[in-house]
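Here is the structure we will look at.
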Amino acid sequence: MHEPNLKPKELRVETSWEPGTAANHAVFSSPIVTNGHPVQDQGVAGAEERQFWTRTAMCVGTCSRIVGPCLLVLGTLSMAASILLLFPGGASKYLLEGHISGHAKAVPGVWGGGIAVLLAATHVTALGWQCSGCSGCGTRHNAFISVVLSKLALLGAAACFVLSGVGLTNGPLCLYNTTSLGALWGYPFLDAIDQGPDARAENYLYNQRTWSICLEPEGIVTWHVVLFSLLLLLSVAEMVLALLQILNGCLGCLCGFCEGK
């Protein structure tokens, strides 16, 4: 009778090492341990760094698409307010006759809070929206140009702020009555300022009852105060946004504007 062969069969396991296999990947992706402390894989660290710069680029591009249009609106309003100062009550005869205050003639809202700001706003707006699809336009060169133009806008807005503040303090040029010379054109509110702090209560900005001293143009004091106050507020907002864009452009010089990088 044939006895069964109880000897176990030898099992041969053939293993082959191939690059790119899951096992091989598991071996090389395991963390390296040095002195009992795991060291992060350089590939993971590089990926995290790339993700950080990508998120930063997204923030830079988004900020440009917000700051640019805001500066466009502020610059346009600044130019409009400065031009309206040349036409008290909507009349042009006072400009033709030369009866406009010196600070209104300087039109700080046109060249300072207007043109200088609009140059930066146009470039930043075009760059921000064009680079929303990452078409390759968001270069560091363009980011540097936006920084330079934003600095120019900051200086222009600062000049507009100073001139508007002085113009608001001095008051308008108008026709008013004097005790000795009768009616003449001049600055009736400058005397109270020159008298020092004791005459502060007589300043027309704190005493609206004195506004009636101006006979012509009609309503010139209200016109003057409203428009110069508006220029002050607009220039402050422009300086804040220009400073923000300078910082934003500096980040753009480091990581670019494109979100898809």
- How much accessible area does PHE161 have with a 1.4 Å probe, in Å² rounded to the nearest 10? 80 Å²
- For VAL240, solvent-accessible area (1.4 Å; no DNA, RNA or ligand), Å²: 90 Å²
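The values are calculated or read from the model by the stated rules, or taken from the named source; none is laboratory data. Small disclaimer: the values here were computed from a predicted structure and weren't measured. Surface accessibility is based on the protein's heavy atoms, side chains included, excluding ligands, DNA and RNA. Shrake-Rupley method; radii C 1.70, N 1.55, O 1.52, S 1.80 Å.
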